1. Whole angstrom only: what separates the Cα centroid of region A:95-146 from the Cα centroid of region A:250-289?
2. Have a look at region B:52-207 and give its Rg and Dmax from the Cα atoms, expressed in angstrom.
3. Between copies, how close do the A:Glu285 label points come, placed 7 Å along Cα→Cβ, listed in nm from shortest?
4. When all alpha-carbon pairs of region B:157-289 are counted, what percent fall beyond 25 Å?
5. Just add up the charged neighbours of A:Ile247: K/R +1, D/E -1, any other residue whose Cβ is under 11 Å from the Cβ of A:Ile247.
6. With no solvent and one point per C-alpha, what does the Debye sum give as log10 I(q)/I(0) for region A:126-221 at q = 0.11, 0.12 Å⁻¹?
7. Calculate the radius of gyration of the Cα atoms of the protein assembly as shown to one decimal place, then report Dmax, the largest Cα-Cα distance, as a whole number, both in Å.
8. Taking the inverse of the average 1/r across all pairs of different Cα atoms in region B:89-173, what Kirkwood radius in Å do you get?
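Here, each number is a calculation from the coordinates, and none is a lab measurement. Remember, predicted model here, so these are calculated numbers, not experimental data. For neighbour counting, all protein chains shown are included, and Cβ atoms are generated from backbone atoms with ideal geometry for every residue, glycine included.
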2 protein chains.
Amino acid sequence: MSSQPEPNKADTAANAPTQFVDASGTRFAYRRFGNPIGTPIVLLQHFMGNLDNYDPAITDALGQGREVILTDNAAVGLSTGVAPETVAGMARDAASLIDALGLERVDLFGFSMGGYVAQQIVLDRPELVRRLVLVGTGPRGGDGMAQLAPDTAPLFGKAYDPQDLMWLPIFFSPSEASQAAGRRFLERIRARTEDRDVPVSETTVAAHSAAAREWGAAAPGSFDYLKGITHPTLVVNGSEDIVVPTINSYILQQNLPNAELILFPDSNHGSHFQFTQSFNGYLSEFVDR
Amino acid sequence: MSSQPEPNKADTAANAPTQFVDASGTRFAYRRFGNPIGTPIVLLQHFMGNLDNYDPAITDALGQGREVILTDNAAVGLSTGVAPETVAGMARDAASLIDALGLERVDLFGFSMGGYVAQQIVLDRPELVRRLVLVGTGPRGGDGMAQLAPDTAPLFGKAYDPQDLMWLPIFFSPSEASQAAGRRFLERIRARTEDRDVPVSETTVAAHSAAAREWGAAAPGSFDYLKGITHPTLVVNGSEDIVVPTINSYILQQNLPNAELILFPDSNHGSHFQFTQSFNGYLSEFVDR
């Protein structure tokens, strides 16, 4: 009898062990669980998020129909390496992690900055990707993306006890219903008590801030690359995203040749953490299609 | 033994008899079928459409979970009366039809001009409506709604044989996939062979054109009324609607306090006739919620 069970398909977000794989000189941290059928889905995390910030209510639902791979990019959480100061660099690192896992074709789910990285991976390696899910994100040089809005920027630097309370004003709208959904979200991401990830370092935060500014800098023709991404894409956001303004989700849908857009009411950057049941239904329909 | 079965819940879009009800001096034509449970859904038709232009693939799917009431507004198809030259008048007529059927609370599904009418009914009679579905439509004074685009306007006046071919360029995108979906849509609305409706008269077409222009005329603060519609609302459109420009669906979602938006790829004014399976899934989830 072993007291330490092997990873297997019965794992969930709560108990899937943190694993590591070496690629391009970096030791990447990831968690892998779910039903080993069909096309695996790789999740790319938001600014300041680590493996513990993926919502178990979403990833466990996904895991019923496919393998789910939660990732820390280079120099995020338990991953080693250096955080690139460009989305292009982050995309190279994330792709090298996917390659190191021996995955030849994946669905990509990028939230916020993870959505920038997902777009760049599809551009660089179109054959690696089957379907794309872009949540709370925007195109290169999008509207109001060069820097955070004056009211939003301080929310990322503020100290809380516990610190994860920072996500309530960033991910959820001021309404009572949205804030209540936010508190339930926090309970879900706190539920895992063993083998947790570690906070993102200040050095990485600074590098990723530079990467986001470079991606968001307005430039003529900056949406043109979207016409070349023919992958089926699901774009999702809240009605009033204070981090990546909602209009950018509309711009993505209007410029991507094969994208569907869903916008939820009374919601902010983390609408999928709020309308999780609806979101899971849409997402499951999309990746199973 | 009766050779003429009574209308009952087994009726479908194909065989539900055309019925009539008198209200405010008008004899309204309608068809009613589906499962008599829950909140009935009333459908409000687009410009130049009659009872035969509702998509059976959508209305039969709706009918599995509720009663479906297809309507002809005043002076449309087999309805008598005079066609109002304002959306306000069309909304009063449609509400009087709903009242005459003894329905105290309904879901409203308005497509295109039917969406203008649905918004106006909710404004006039908020207690009459539970949920609102707005497809291929826009707000008062929306973007590019005062008149049809120069390339679009002639599409409504052109002669075809058969005439229903007019809907291919109006409802579907130029892509092969969309046009093929359009031909399947035409087969569906042609499938009913008995007891069909009659074409919309030129007088009614002229009156409804005036109503659409009046609704669409840009005016400062013309979206303000949307803040007062707190009903759960599902807004749906195609990626490039040439009749009511797609941005207006975004404007609806951004100004309605409780609206969800879905935009489909590679599609035009009739995206729900193209992505019918996905649309039915979203719609069923929304009205069953």
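1. With region A:95-146 and region A:250-289 each reduced to a Cα centre, they are spaced 15 Å.
2. Taking only Cα atoms of region B:52-207, I get Rg and Dmax of 16.3, 45 Å.
3. Ordered by increasing distance: 0.5 nm.
4. Values: 3452 of 8778 pairs.
The calculated P(r) of region B:157-289 puts 39 percent of pairs beyond 25 Å.
5. Numbers: positive: none; negative: A:Asp143, A:Glu240, A:Asp241.
Every neighbour counted, the sum reads -3.
6. Reported log10 I(q)/I(0), two decimals: -0.48, -0.57.
7. In order Rg, Dmax, the Cα atoms of the protein assembly as shown give 25.7, 85 Å.
8. Values: mean 1/r = 0.0680 Å⁻¹.
Computed over Cα pairs of region B:89-173, the Kirkwood hydrodynamic radius comes out at 14.7 Å.
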